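Everything on this sheet refers to the single structure shown next.
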Amino acid sequence: MTEVVVYGTAAADVVLRVPSLPRPGDHIAAEPLGWRLGGSSANIACGLAAAGHVVQLVGPVGTDALAESVVAELTRLRVRTDRLIRIDVPSPRALILLDPDGERTILVIDHRAETGAFPIDDPPSVDSADCIYVESYERFSSIVADRSPDALVVAAPPSGGSRSWPADLVVGSERQYPEEWLASPFERALPLAGPRLRWVIVTRGRRGADAYGRDGSWHVDARPARQVDATGAGDAFAAGLIAGLLAGLEIEEALDLAAAQGAAAVEALQSVPPDWLAGVELR
Ligand SMILES: Nc1ncnc2c1ncn2[C@@H]1O[C@H](COP(=O)(O)OP(=O)(O)OP(=O)(O)O)[C@@H](O)[C@H]1O
Ligand SMILES: [Mg+2]
């Protein structure tokens, strides 16, 4: 059984459907769609758990009542939560505005709970992991990658100014990378990621995604989809890609699986990835 450790944060997404995005002075009637589990790394954890992996989420979680609901939801979605670290702050919440095209606009409500706050210098050691995902090395020490020389180490794109960002695979949307990286993502990432770097993946919404490696790049088109809620497309894509690589697929096949999961994600009214598509054999 493949063991995955996700170093990251879970959030509560509070969702409002709006007829248009508000402009200054507007008065808009919004339809409340309630709250649901979200947060990029929690979404990825849920996608990998749904693929049948044993997934542990390691990271900060609040001590308020909402934190209990977030943890219960993670547990329901088969993510292990016993290594979460209780921190006495309000749980991270995001307000998600969904427009009629299914595009989402995110307002992070309590910035204190965002990446960068609460660096966790000595995260719990998990030595047996086959894969680790790190949401940010500003929050989690790069020790977690050093401790896992044989694991597939996956990280979100580095934030500007980072010096060390160890990863075999960096995956994120074009908006998450420093702009000056986009002309040659692999060469830019290499000094930060180190010699273990294999692929840098840049997702581009409906324009698909590109994987940049040492010897060139691969492109995958986006699959046709009827978008109702774009939230979590990138996370579903990342989970598809990681699950594919863990199953031993080559990069082009893993990209296909990722694009299928990304397309399915925009058709589902949820932040966590959709169920795995029928016929996908992963283990
Ligand atoms: N409307 C869509 N139709 C089909 N596939 C999509 C659609 N939107 C996204 N995808 C798939 O999901 C992948 C990730 O989407 P995207 O690049 O938009 O990431 P994101 O996390 O939503 O970031 P951003 O905040 O930049 O939109 C895309 O590469 C594509 O394969
Ligand atoms: Mg998107």
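Each value in this text was obtained by applying a stated rule to the coordinates, not by laboratory testing. Keep in mind that this is a model prediction, so the values were computed, not measured. Using ideal geometry, Cβ is built from the backbone for each residue, glycine included, and neighbour counts are taken over all protein chains shown.
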Q | Total formal charge among the other residues, if their Cβ is under 13 angstrom from that of residue 182, Lys/Arg +1 and Asp/Glu -1 | A | -1
(Q) Which trypsin sites (Lys or Arg not before Pro) in the stretch 156-243 sit in a loop by DSSP (not H, G, I, E or B) and have at most 16 other Cβ atoms within 10 Å of their own Cβ? (A) 163, 175, 196, 204, 214, 226
Q) Mean residue ellipticity at 222 nm from the helices of the chain, using -39,500 (n - 2.57) per DSSP H segment of n ≥ 4 over the full residue count, to the nearest 500 deg cm²/dmol? A) -7000 deg cm²/dmol
Q: Would you calculate the separation in nanometres between label points at residue 75 and residue 162, each defined as 7 Å from the Cα along the Cα-to-beta-carbon direction?
A: 3.2
Q) Pick from 102, 194, 47: which residue has the top mean-square fluctuation in a GNM of the chain where Cα pairs under 10 Å get a spring? A) 194
Q: Note the full-extension length gain between residue 196 and residue 184 as 0.36 nm times their separation in residues minus their Cα-Cα distance, in nm to one decimal.
A: 2.6 nm
Q | Highest-MSF residue in the chain out of 90, 224, 24 [GNM, Cα springs under 10 Å] | A | 24
**Q.** Dipole-positive endmost among 238, 224, 259 within the stretch 219-270 (Cβ charges, Cα centre)
**A.** 224
(Q) Per residue of the stretch 25-40, what does 6.51 cos²θ - 1.76 cosθ + 1.60 with θ = phi - 60° give for ³J(HN,Hα)? Whole Hz please, x for Gly and Pro, Karplus curve as stated. (A) x, 5, 10, 10, 8, 10, 9, x, 10, x, 10, 8, 5, x, x, 3
Q) So if R0 is 35 Å, what FRET efficiency would residue 250 and residue 108 give, r being the distance between their Cβ atoms, rounded to the nearest 0.05? A) 0.45
Q) Where does each of 127, 221, 168, 235 land when they are ranked from fewest to most other beta-carbon atoms within 10 angstrom? A) 127, 221, 168, 235
Q | Gaussian network model of the chain, Cα within-10 Å springs - most flexible of 39, 248, 25 | A | 25
(Q) For a quick check of your reading of the filter: which GluC sites (Glu not before Pro) in the stretch 13-112 sit in a DSSP loop and have no more than 16 other Cβ atoms within 10 Å? (A) 103
Q. Residue 213: net charge of surrounding residues, Cβ under 12 Å, Lys/Arg +1, Asp/Glu -1, itself excluded?
A. -4
